[in-house]
Structures are given as structure tokens and as C-alpha cells.
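These notes concern the structure reproduced below.
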Amino acid sequence: MQRSELNGFAVDLGGTKTAAAKIERGQITARHVQPTDGGLDLAGYIRSIEQMLRRVGWTGEKSCLGVTVTGRVSDTGDWAAVNSGTLREISDVPLADALRHQFGPRIAVSNDASATTYAEHQFGSGAGRHDFAYITVSTGVGGGLILGGKLIQSRSGLAGHFGFSAISSDGPRCGSGRRGTVESLAGGRAIAQQAAEAGYPGHSAKDVFEAAQRHEAWAVTIADRAAGAIATLCANLKTMVDPDLIALGGSIGLSDGFIVRVTKELQQKPVLFQCPVVPASLGDEGPLLGALAMAEKGA
Ligand code: ADP
Ligand code: BMX
């Protein structure tokens, strides 16, 4: 599929922000972004998606609509938070059915990181790669895999949730219930928590990374720990599936200096476990383009 063949609408519902877009010939021609309320139930999210789509000119059932969400999406389109601190009321709810009921038959729903992996492989940094991994470092830490040119998806939707792999047995607990996960060290919510514990309450992950770029010692410690967790994840992925390339996305993954920090940490590891790490070239358009591409393809 060529990017220029994409025509329709897309929604990207992340842990911090939700974007709705109109896409014409592969270009975003209208976009509306607003904060995500992590406390809504399914009906609340459907209402919010509908309002957002109206603002970007949703034209009704004949249009194709791709929706990506943070959280696990099963092969039957059921939706569940893995980190229940991010979406507090979403646990095995029939998202695909609800979207079809509201927006008609030409819809598809997928996990946000899976959709971005698909888009980066089709149109972005992973184009032409046989084995490719994508990691988003955002509110949480998510991911996706292309192996043998194909997107890996499991029936329960958990495949690719690398952020919940544990890299220390006694680290902090994240909202998945697991200790020492990559997300508990490098996810945006965890970083804000670490800042509060270091005496900087009310600081978002954005504030922390900006302070780290100004060489403030407390923030450098947190930023390096997060980058170290992502570097370990990259080396672990290398041992498990041996990707040719790993792309990082999400607002933290794409922030100034983050990939430099990750690469520095990765270079400390044996060469066999190193892998080139690049920025996701579609930036924050990746989830939207991937959502629509998957809907158009019926993936
Ligand atoms: P979502 O998780 O909703 O997809 P983002 O990818 O924007 O959204 O991730 C949100 C997280 O990224 C928040 O923790 C926020 O503080 C952090 N963030 C936003 N902008 C930046 C930035 N410029 N540098 C570092 N972190 C950022
Ligand atoms: C979490 C998990 C993933 C998601 C990833 C990135 C939840 C609610 N989300 O690991 O499904 O792909 O975050 O999502 O369990 P984002 O909102 O941080 O972009």
C-alpha cells in the first residue's frame, strides 16, 4: 500500500492525549487534539471520539475509520488496559462492536503501538526491513514487531507489550501489577512519580527531560535511568527476535537527546546485543496513518 492511497479518518487515543484526523491522499488535512480523560467508561470514550471526529469533518458511514488505543485489543476487538492506572475503567470492553454501532462497518481498531509499527514499516523508518521493532516511550512504554515482513499480533492482543517486560525483580511496581517493568522506569507517568519522589512534585516527564537537557543533576539521574531501561529492552529484543533496526517514538522517545542517551547505554553492552536505534520518522502522525492503513487493508 502507498501512503498516498490513504483516504478517511483516524483516531489515536493515548494515555495523555487523543487526536482525531482527516486524512486525504495520505496527508493529514484536519486534526484536533485534546487531553485524554483516563477515567471514562466505554460509552464515554465513544462519545468523546464522536465529538472529536465531528470537529475534523467526519462525513458518516461511507468513510473509512481507523481507531488506535492505548491498551490491549484482542482479535475480536475487545479492549483492556494492561496498566490500569492509565485507563481506570477499561477492562475487556467490546470496543470494535461499539465503534461499528456508532460509525458503521468500515472501521478497524488496534493497539496504538501496533498501528504505529505497521505505519513505520509501510511508510517510515522501517520501510523495506525484514525484521523491525518499534518502541513508543510515552505515557506508557509500548511496542510492536515486524518479523519476516509481517506485523505480529496475538489473539489476546498482548504481543508487543514490551513495556511490561521486567528488567529488575525489585524495582517499582507499575499499574500492570508487575515489578521492575520497563514502563515502571521509563513511562511518562512513572517519570513524573520519580520526579515527585526526588523532591520535584508537579513535574511532568516533559519537565524532567527539559531539566535533564539543562544538565540539572536530579533530572539527569531520572533521564539516564529511563534511557538505560530502554537500552536494556533493546538488547533483550535483540536476543529474542534479532531486529535489523529499532525505531523509537512517543513524545519521550522523540524528545531532544533521548536517543543519544539510549545509544550511549546500548554501546556499553556486548556488540552482539547492540542494534541501530533511530527516531520513528512519521513522528506523531504514525499512529493515525497506521490506524487508517489497517482499516483500509482490513488488517
Ligand atoms: P500519549 O501517551 O497520549 O500517546 P505522548 O506520546 O505525548 O502521548 O506521551 C505523553 C508523555 O510524554 C507525558 O508523560 C509527557 O509529559 C511526555 N512529553 C510530552 N512532550 C515531551 C517532550 N517534549 N519531552 C519529553 N517528554 C515529553
Ligand atoms: C502501555 C499500554 C500499551 C500501550 C503503551 C503506549 C495500557 C493502557 N497501555 O504500555 O497498550 O501501547 O502503554 O501507550 O495498558 P501510550 O498511551 O503511552 O502511547
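The values are calculated or read from the model by the stated rules, or taken from the named source; none is laboratory data. As the structure is a computational prediction, the values presented were derived from the model and not from experiment. Cβ sites come from the backbone with ideal geometry, for glycine too, and all protein chains shown count toward neighbours. Heavy atoms of the whole protein, side chains included, go into the accessibility calculation; ligands, DNA and RNA do not. Shrake-Rupley method; radii C 1.70, N 1.55, O 1.52, S 1.80 Å.
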Pairs, first farther than 12 Å from Gly199 by Cβ in segment 209-221, second open to solvent by 40 Å² or more (accessible area, probe 1.4 Å) and in a loop (DSSP other than H, G, I, E, B), C-beta under 7 Å, six or more apart = Gln213/Asp256
Is it true that Ser91 is modelled with pLDDT of 95 or more and either more than 18 Å from Ala293 (Cβ to Cβ) or part of a loop (DSSP other than H, G, I, E, B) (or both)?
-> yes
Going by the conditions given, is Leu289 within 16 Å of ligand 2 (Cβ to nearest atom), touching a residue at least 60 places away in the same chain (Cβ under 8 Å) and among the hydrophobic types (A, V, I, L, M, F, W, C)?
-> yes
Picking from Arg54, Arg47, Arg31, the residue that is out of contact with any Phe, Trp or Tyr (no Cβ under 9 Å at 6 or more places or on another chain), part of a strand (DSSP E or B), among the basic types (Lys, Arg) and open to solvent by 30 Å² or more (accessible area, probe 1.4 Å) would be Arg31
Hits in segment 116-148 - residues which are assigned to a loop (DSSP other than H, G, I, E, B) and more than 14 Å from ligand 2 (Cβ to nearest atom) = Gly124, Ser125, Gly126, Ala127, Gly128, Arg129, His130, Asp131, Gly148
What number of residues in segment 174-210 are more than 14 Å from Gly142 (Cβ to Cβ) and in a loop (DSSP other than H, G, I, E, B)?
-> 10
Only one of Ser251, Ser255 that is open to solvent by 70 Å² or more (accessible area, probe 1.4 Å) and within 16 Å of ligand 1 (Cβ to nearest atom) | Ser251
The residue from Ala119, Ala80 that alone is within 16 Å of ligand 1 (Cβ to nearest atom), open to solvent by less than 20 Å² (accessible area, probe 1.4 Å) and either in contact with a Phe, Trp or Tyr (Cβ under 7 Å, 6 or more places away or on another chain) or touching a residue at least 12 places away in the same chain (Cβ under 8 Å) (or both) is Ala119
Taking segment 83-108, which residues are open to solvent by 30 Å² or more (accessible area, probe 1.4 Å) and touching a residue at least 12 places away in the same chain (Cβ under 8 Å)?
-> Ser84, Arg88, Glu89, Asp92, Pro94, Asp97, Gln102, Pro105, Arg106
Specify the residue that is surrounded by the fewest Cβ atoms within 10 Å (Cβ to Cβ); the eligible residues are those in segment 258-299 that are of a type in the set (A, V, I, L, M, F, W, C) and more than 21 Å from Cys234 (Cβ to Cβ).
-> Ala299
Residue by residue through segment 57-75, note down the ones that are farther than 30 Å from Ser176 by Cα and open to solvent by less than 50 Å² (accessible area, probe 1.4 Å).
-> Gly57, Gly60, Ser63, Cys64
